[in-house]
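Trainee: Below is a structure I'd like to ask you about.
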Amino acid sequence: MKATPRPTGRFTFNMDANWLINFKKKLEDHYAWPSLYTFKFIVPTEKEEEVRNLFPNHTSSAKLSKNGKYTSITINMMMPSSDAVIEVYQTASIIEGIIAL
């Protein structure tokens, strides 16, 4: 997954092998697995339920944007490995308009 940087520091998903290698290295350098990992996504409000459905057994919090067009979703999950984190991002990448923070 290649992250396409935005001026805000957010990224959209465009996966490629180099990005995956670098992201996995960063995860390995900063976490001791298993570890609690925080996923944060921004999606068009009409896609909020699609994101929540990716995490059916986990509590999430959401915040609507000022104009109501976007929703920010935060999910904390105990993850067994960096590979598991990457798998979640790969699964989420199919949702149109999703941005990971």
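Trainee: Quickly work out the GLN90-to-SER65 label distance, labels modelled 7 Å from Cα along the C-beta direction, and quote it in nm with one decimal.
Mentor: Spacing of the two 7 Å Cα→Cβ label points: 2.9 nm.
Trainee: Still on this model: Would you order LYS25, LYS47 from fewest to most other beta-carbon atoms within 10 Å of each residue's own beta-carbon? Please list the in-between numbers first.
Mentor: Numbers: LYS25 11, LYS47 18.
Ascending number of Cβ neighbours within 10 Å: LYS25, LYS47.
Trainee: Angle check, please: helix 82-92 long axis (alpha carbons) against the longest principal axis of the chain (alpha carbons), in degrees 0 to 90, nearest 10.
Mentor: That works out to roughly 30 degrees.
Trainee: Below 26 Å, Cα to Cα, which lysines can LYS66 reach? Residues fewer than 8 away in the same chain don't count.
Mentor: Within the straight-line limit of under 26 Å, LYS66 reaches these lysines: LYS40, LYS47.
Trainee: So how much slack lies between LYS24 and SER72, counting 0.36 nm per residue of separation and subtracting their Cα-Cα distance, in nm?
Mentor: Numbers: separation 48, 0.36 × 48 = 17.28 nm, distance 2.40 nm.
Fully extending the segment from LYS24 to SER72 adds 14.9 nm.
Trainee: Treat every Asp and Glu Cβ in the chain as -1 and every Lys and Arg Cβ as +1, leave all other atoms uncharged, and give the resulting dipole magnitude about the Cα centre to the nearest 20 debye.
Mentor: With only Lys, Arg, Asp and Glu charged at Cβ, the dipole is about 420 debye.
Trainee: Where is the GNM fluctuation largest for the chain (alpha-carbon springs, 10 angstrom cutoff): VAL43, VAL88, VAL51?
Mentor: VAL88
Trainee: For every other residue with a beta carbon closer than 12 angstrom to the beta carbon of GLU48, add +1 if it is Lys or Arg and -1 if Asp or Glu, then tell me the sum.
Mentor: On the way: positive: LYS47, ARG52, LYS63, LYS69; negative: GLU46, GLU49, GLU50.
Here the count lands on +1.
Trainee: Work through the residues other than THR74 whose Cβ is under 11 Å from its Cβ and net out their charges, Lys, Arg +1 and Asp, Glu -1.
Mentor: Values: positive: LYS40, LYS63; negative: none.
Net charge in that neighbourhood comes out at +2.
Trainee: Counting each DSSP H run of 4 or more residues in the chain as -39500 (n - 2.57), what helix-only mean residue ellipticity at 222 nm follows after dividing by all residues, to the nearest 500 deg cm²/dmol?
Mentor: Numbers: 3 runs with 31 residues, N = 101.
One gets -9000 deg cm²/dmol as the mean residue ellipticity at 222 nm.
Trainee: Okay, next question. Using the Karplus curve 6.51 cos²θ - 1.76 cosθ + 1.60 with θ = phi - 60°, what ³J(HN,Hα) values do you get for each residue of the range 74-80, in whole Hz, with x for Gly and Pro?
Mentor: Per residue, the Karplus-derived 3J(HN,Hα) values read 10, 9, 9, 9, 7, 10, x Hz.
Every number here is computed from the coordinates shown, using simple stated rules; none is lab data. Just so it is clear, the structure is predicted and the values come from calculations on it, not from any experiment. Neighbour counts run over all protein chains shown; Cβ positions are idealised from the backbone, glycine included.
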